[in-house]
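Chemist: This is the structure, below, for whatever I ask next.
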Amino acid sequence: MTTKNNSISRSWWWKILAIVMLVYTFIMGFLGPVPAMPIINESIRNLYFHVTMWMAMITLMFVNVIYSLKYLSSGKLYHDLVGEESARMAMVFASAGLITGMIWANFTWGAPWVNDPQLNGTAATMLIYAAYFILRNAITDEIKRARIGSVYGIFAFVMMFVFIMIIPKMNDSLHPGKGGNPGFNKYDLDSNMRMVFYPAVIGWTLFGVWMMSLRVRLRKIEEKIHNA
Amino acid sequence: MNFGSQVLTLIKLEAKLEWKNRQAVTSLLVYSLASIYISYLSFRQVLDPVTWNALFWIIMLFAGTNAIAKSFIQESKGLQFFYYSMLPPQAVILSKIFYNILLLGVLGGINFFIYSMIFQSPVQNNEQYLLGLLLGSIGLSSTLTLVAGIVSKANNNAALVAILGFPLLFPLLLMIIRFTGNAINGYSWAINQSWCGLLLLLNGIIIILSYLLFPYLWRE
């Protein structure tokens, strides 16, 4: 439990930044100008609330794998705690991304689930991290759980990464901007959407990290109460 | 004893133990035969080459999981302690992986032979299909061996091997089904060689990861 980690998770400026960015995202996301595109229409605004979920999820998965590596080299349970909680938060964002995506797809593609690389990648990712939690729950010893969980986490992350890289080679995506579909940037000449999209990515990612650090602190308090 | 001969000795030891207790190998064979026969009774005939291929790999996946799930479980505590005190963990995992590749390769060959007889084989390029079988066996065995190692340190619950292993096998299965599908259609090597390269790369990544990560599991 290094003091450095505590000071970052307890400093407030980036939490304020997250709130400001998200308030801006919600206001501009719903009210700001968007290009008029056929089929997608106003649902293009989902860019701010769906694509950003994936960005936050991938960031948290990177945190998970980095802290798993850190745990294996240091043996400090704090590192494993951060790893576990970031995986949990990544699952929350994966579910949120899946739900926002499925609602959007139902209107745009006419079906909530289609054979699309992104969807298959998400399904695989969620199964992998569900397995990660099942494995962790199967082990009662704290140190053993941390070590084995970290090993599986690293292996799973690499396999997930390979899967996400491989799968677009298999079939074309239906997503905007992929597989020959018109993307956002092509029509978005005045970059209006980018002015909302980038802050939204930063906002949601910071929000995810914030929630994760809160969970870590909660777990530490629980541990203290339990041991007292 | 250098590293290479340690691995070789362990592979030989593994084979000897297996041969002493032939029941395990026999049960594996019967398991695959029964799954092929169940498929035959439920499908009768498979006309679509895509289905033919997918069914074969699903049978292979289950046979492989069944074969490899036991690779750490069947060992006694005493033997594990002996390994631990005498040998580097890297030698243990590599020997297990290579032994399982041999086991699954042979099992896959037998499966392929019988499966092709029962369901009429649509494969146009048998050499390429067999190469695919080898690459698939390498990938399945190396992934599942590490997973079996993980599970052996958890609570030795054999169902856990499937739960942990299947999601990790998605990329391998997708690629191997594409590769062998091309072999069925009789595509030229020029089209298929990039898939072969990717599969070799993936297998390399899995084996290197197992080599690097296994020592952390082993230490207790």
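Chemist: Kindly establish whether A:Gly149 is of a type outside the set (Ser, Thr, Tyr), touching a Lys or Arg at 6+ places or on another chain (Cβ under 9 Å) and within 11 Å of chain B (Cβ to nearest Cβ).
Modeler: Criteria met by A:Gly149.
Chemist: How about region B:148-177: which of its residues are in contact with a Phe, Trp or Tyr (Cβ under 8 Å, 6 or more places away or on another chain), open to solvent by less than 10 Å² (accessible area, probe 1.4 Å) and either more than 7 Å from chain A (Cβ to nearest Cβ) or under 23 Å from B:Leu131 (Cα atoms) (or both)?
Modeler: B:Ala148, B:Gly149, B:Val151, B:Leu168, B:Pro171, B:Met175, B:Ile176
Chemist: Residues in region B:30-57 that are open to solvent by 70 Å² or more (accessible area, probe 1.4 Å), under 23 Å from the mean Cα position of the chain (by Cα) and of a type in the set (Ser, Thr, Tyr): how many?
Modeler: Here the count works out to 2.
Chemist: Also: Among what's in region B:178-198 and is aromatic (Phe, Trp, Tyr) and at pLDDT below 90, pick the residue that is least open to solvent (accessible area, probe 1.4 Å).
Modeler: B:Trp195
Chemist: Would you mention how many residues in region A:114-138 are part of a loop (DSSP other than H, G, I, E, B) and open to solvent by less than 10 Å² (accessible area, probe 1.4 Å)?
Modeler: 1
Chemist: Here is a further query. So, B:Leu202, is that one under 15 Å from A:Met165 (Cβ atoms), touching a helix residue (DSSP H, G or I) at 6+ places or on another chain (Cβ under 8 Å), of a type in the set (A, V, I, L, M, F, W, C) and surrounded by 21 or more Cβ atoms within 10 Å (Cβ to Cβ) or not?
Modeler: yes
Chemist: Quick one: is A:Ile143 open to solvent by 70 Å² or more (accessible area, probe 1.4 Å), of a type in the set (Val, Ile, Thr) and in contact (Cβ under 8 Å) with a residue 60 or more places away in the chain?
Modeler: Yes; evaluated as a whole, the condition is true for this residue.
Chemist: Also: Only one of B:Leu104, B:Leu144, B:Leu134 is buried (at least 22 other Cβ atoms within 10 Å of the Cβ), closer than 23 Å to B:Ile11 by Cβ and away from chain A (no Cβ under 14 Å); which?
Modeler: After applying the criteria, what remains is B:Leu104.
Chemist: Considering B:Tyr99, B:Tyr84, which residue is modelled with pLDDT under 90 and not basic (Lys, Arg)?
Modeler: Unique residue meeting the criteria: B:Tyr84.
The values are calculated or read from the model by the stated rules, or taken from the named source; none is laboratory data. As the structure is a computational prediction, the values presented were derived from the model and not from experiment. Neighbour counts are summed over all protein chains in view; Cβ atoms, including those assigned to glycine, are modelled from backbone coordinates with ideal geometry. In case anyone asks, the SASA skips ligands and DNA or RNA and just uses the protein heavy atoms, side chains included. Shrake-Rupley method; radii C 1.70, N 1.55, O 1.52, S 1.80 Å.
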